[in-house]
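Visitor: Let me give you the structure first, and then I'll get to my questions.
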Amino acid sequence: MTEPYLIIYLHHIRNISLTLSGIIIGSSGLAGVIAIPTAGLLNNWIRTKQIFIFSLFLGSLGRLLFALSINEKIAICAAIVSGAATAASWNALSLILSLSVAKSQKSSIFGVAFALQNLGSGLGAMLGSVLVRSQSTRSFQLIFILDAVTFIIFALFSEKWVMNISTRTVTSQRKKHMYLFSDHIIKNDYKILIFLSSCYALFAIVMTGVSTTLFPQWAIVQAHVSLQVIGDAFLINSLTILAAQLPSLQWIKRTRRTRVIAFAALLFTVGYIVMLIAGFLKSECSALALILSFAVTAFGEIFLFSSLPALVNDLVRGKIKNHFNSVINGAWQIGSIFGPILAGSGLTLHLAIPLFLGYIFILMLLIPSLIFLETLIPIELNRDT
C-alpha cells in the first residue's frame, strides 16, 4: 500500500532531498542485512513461526513510524524497523515454505507464495492511489496506518494457521540428491552459492532502485502522469503475476533453472527499455507504456522468484539450509541498500537516463553469466524433477 509512494512522500510531502530519501529507503536494506543473521541465530532457540509472527508486528510498528515522520531522523528509524522486520519475516517464510513440500513442488510453492504476495501488493497500491492526494500529508499518513493494520491482521492469522516446522523436516528423496552436491559446494568454497548470491544482489540493486525510487519519480516528473497511473502500474504487475503464475510455471517445468533466471533478466531488460521510452511520449501514451513495462517485468519476477530461491535450497541439505537461506536473503538485502541510494543520488544529479542504461547493462551481463553457470551444476539439481 505504501511502497510505490514512499519516495514521493519523503521528497514531496516531508521535503527531504532525493539523495537523503534514497538513503532512508536504502537503510531498510541495511537493517535487513543485520536482521537476517540475527533471526538465523535465534532460530536455533526459537521456532521459525514465532520469529515470523514477531517480525510482522515489528513491520506494523515501522509503518506507524513512517506516518509520524515529521523529519528525516524519524523516517530513518521507520525505515530501519521496517527493513529489519521485512527481511526477518521473508527469511522465516522462505524456510517455512522450503520445508513444507517435496523437491518437485518447491518452485511451485515459492511461485504461488510470490503470486499471492503480489496480489496483495497490487491491490494495496491501487487502494493507495485512490486514497493519497499529491499535496495532502494526512492522506499519506492514512495509507501508512492502514498498511500497519494489515501486518497485525496477518500476524494474528499466522498464529492460528502457520505450521510449527522443524529444520529437520526433509524428505529422503531430497537427501539423496543433496548430499553429494553439498560436499561439492564445501570443497569448492561455496563458489556457486556466492555467484548466485551476487546475481541476486544485482537483481535487487536494479529492481529496488527502479520500483522504490526511479520509477515513481520518472513517472511524475518526466512522463507527467498522475499518482493513479503509478498505482495502476503496480496493480497490473500484480494481476499479471497472479494470472500468469501457474501457466508460466508449467511452461518452464523441467527447464534448467539457470536458463529461467537468465530469461527473467531478459524480460526485465525489455521492461525497463519500455519504461525509459515512456518518458518521452505524450501523456496518454506514457501512461500506457509505463503500465505495459510493469506487465512485462511481472513475467521476469515470476521466473526469478520461483527459480533462484528454489535452486539455492536444492543445493543444500539438513540444518545448514537455514544458513544458506540467510545468505541468499542477505544478498537481496545488500542489493536493496544500494539500489535506492544509487537511484536517489542519480536523480539528484539529473542522471535518470544514465541510471536506466546502467540497469539495462547490468541485466544484459547477467544473461551469459547464468548460462555459463549451468555447466557447473548437475542437471538433476538445476531443474524440477
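Visitor: Roughly how many Å² is the accessible area per residue of the chain, as a whole number, for a 1.4 Å probe?
Guide: Ligands and nucleic acids excluded, the result is 43 Å² per residue.
Visitor: Hey, another quick one. Under the rule a/c < 1.5 gives rounded, and otherwise a/b versus b/c splits prolate from oblate, where does the stretch 57-140 land using the Cα gyration tensor?
Guide: oblate
Visitor: Hey, another quick one. Any chance you could give the angle, 0 to 90 degrees and rounded to 10, that helix 48-67 forms with the longest Cα principal axis of the chain?
Guide: Its long axis makes an angle of about 10 degrees.
Visitor: Shape of the stretch 16-62 from its Cα gyration tensor (a ≥ b ≥ c, root eigenvalues): rounded if a/c is under 1.5, otherwise prolate when a/b > b/c, or oblate?
Guide: oblate
Visitor: Another one. Probe radius 1.4 Å, ligands and nucleic acids ignored: give me the carbon and sulfur share of the accessible area of the chain as a rounded percent.
Guide: 70
Visitor: Using alpha carbons only, how many angstrom separate the centre of the stretch 237-288 from the centre of the stretch 339-357?
Guide: Cα centres, the stretch 237-288 to the stretch 339-357: 22 Å.
Visitor: OK, next. Hey, what did the chain get for relative contact order, percent, Cα under 8 Å, at least 6 apart?
Guide: Relative contact order for the chain comes out at 29 percent.
Visitor: In degrees from 0 to 90, rounded to the nearest 10, what is the angle of the helix 227-251 Cα long axis to the longest principal axis of the chain?
Guide: 20
Visitor: Ordering Asp147, Asp232 from largest to smallest accessible area (1.4 angstrom probe), what's the sequence?
Guide: So the residues, ranked largest to smallest area, are Asp232, Asp147.
Visitor: Simple spin-label model, 7 Å along Cα-to-Cβ: Ile273 to Glu380 in nm?
Guide: Using points 7 Å along Cα→Cβ, the separation is 4.0 nm.
Visitor: Hey, another quick one. State which entries of Lys106/Lys191; Lys106/Lys282; Lys191/Lys253; Lys49/Lys253 exceed 32 angstrom in Cα-Cα distance in the structure shown.
Guide: Beyond 32 Å between Cα atoms: Lys106/Lys282.
Visitor: Mind checking the angle between helix 321-348 and the chain's longest principal axis? C-alpha axes, 0 to 90 degrees, to the nearest 10.
Guide: 20
Visitor: Under a 1.4 angstrom probe, counting protein chains only, how are Tyr190, Tyr5 ranked by accessible area, largest first?
Guide: Listed by decreasing accessible area, they come as Tyr190, Tyr5.
The values are calculated or read from the model by the stated rules, or taken from the named source; none is laboratory data. This is a predicted model, so every value here is computed, not measured. For neighbour counting, all protein chains shown are included, and Cβ atoms are generated from backbone atoms with ideal geometry for every residue, glycine included. These area figures cover heavy atoms from the full protein model, side chains too; ligands, DNA and RNA do not enter into them. Shrake-Rupley method; radii C 1.70, N 1.55, O 1.52, S 1.80 Å.
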